[in-house]
């Protein structure tokens, strides 16, 4: 199945773009080019090659809500200890009432945070065999071919639930407070092999 035929293509694309520090610029001959972190460049190049509107989505990432609050309401950047990055973003298409939490990282660090996955038809189904995912999908399909793998997962929560979680966790002042966003029962969107 090709990227544009996937029912979850929008989640896959936004899961990358909201959760990265790379950017898209025009080069000297006017072509779009990914810049920044090498891994994130690879993901963005994949999106651009598949005609995903990465530039438009990246512009949305930096928008503010009507009250001036940034659209991204919480972030934990990737680091080598955690092996994952987390971003919480207020969705414009929800009339600013839903927060989507994206987690992107090494499958062995993200998969345990997931309860469900999105199948090839876009249906969310229970994730019953995490060992199969790690052994067959990650190791046998990607690692044996020397691919670096990244798992993308998400969870939508009402803005009111986000605000309560934030209030109950030190106003998300420290990274360990924001980590609570990762324990909401995530849904696997997909696994990239680079």
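Efficiency by 1/(1 + (r/R0)^6): what FRET value for residue 55 and residue 106, r their Cβ-Cβ distance, R0 = 25 Å, to the nearest 0.05? Working from the Cβ atoms, E equals 0.35. Label-to-label distance for residue 97 and residue 121 is 2.9 nm, based on points extended 7 Å past Cα in the beta-carbon direction. Arranged from fewest to most other beta-carbon atoms within 10 Å of their beta carbon, 4, 172, 142 become 4, 142, 172. Of all the options 29, 16, 152, the one that moves most in a Gaussian network model of the chain with Cα springs shorter than 10 angstrom is 29. Taking only Cα atoms of region 115-194, what ratio of Rg to Rh do you get with Rh as the Kirkwood inverse-distance radius? That ratio equals 1.08.
Computed extension gain for residue 21 through residue 2, at 0.36 nm per residue and net of the alpha carbon distance, reaches 4.2 nm.
Taken as Cα centroids, region 140-163 and region 30-88 sit 14 Å apart, rounded to the nearest whole angstrom.
Quote the relative contact order of region 69-159 in percent (integer), defining contacts as alpha-carbon pairs under 8 Å separated by 6+ residues.
28 percent
Each label was represented as a point 7 Å from its Cα along the Cα-to-Cβ direction; for residue 140 and residue 173 these points are 5.0 nm apart.
Evaluated at q = 0.16 Å⁻¹, the base-10 log of the normalised Debye intensity for region 3-193, with identical point scatterers placed on the Cα atoms, takes the values -1.07.
Helices in the chain, meaning DSSP H runs of at least 4 residues, each add -39500 (n - 2.57). Divided by all residues, the mean residue ellipticity at 222 nm is -6500 deg cm²/dmol.
Just to be sure I understand: with springs between alpha-carbon atoms less than 10 Å apart, which residue in 154, 121, 18 has the highest mean-square fluctuation in the Gaussian network model of the chain? Ranking 154, 121, 18 by mean-square fluctuation puts 121 first. Full extension of the chain segment joining residue 183 with residue 156 gains 8.5 nm, where the gain is 0.36 nm per residue of separation less the Cα-Cα distance. Computed on the chain, with alpha-carbon pairs under 8 angstrom and 6+ residues apart, the relative contact order is 21 percent. Shape of region 1-96 from the C-alpha gyration tensor: rounded (a/c under 1.5, with a ≥ b ≥ c the square roots of its eigenvalues).
Rule-based calculations on the coordinates, nothing more; no lab input. Because the structure is predicted, anything quoted here is derived from the model rather than measured. Because the Cβ atoms are built from the backbone with ideal geometry, glycine has one as well, and the counts that use them run over all protein chains shown.
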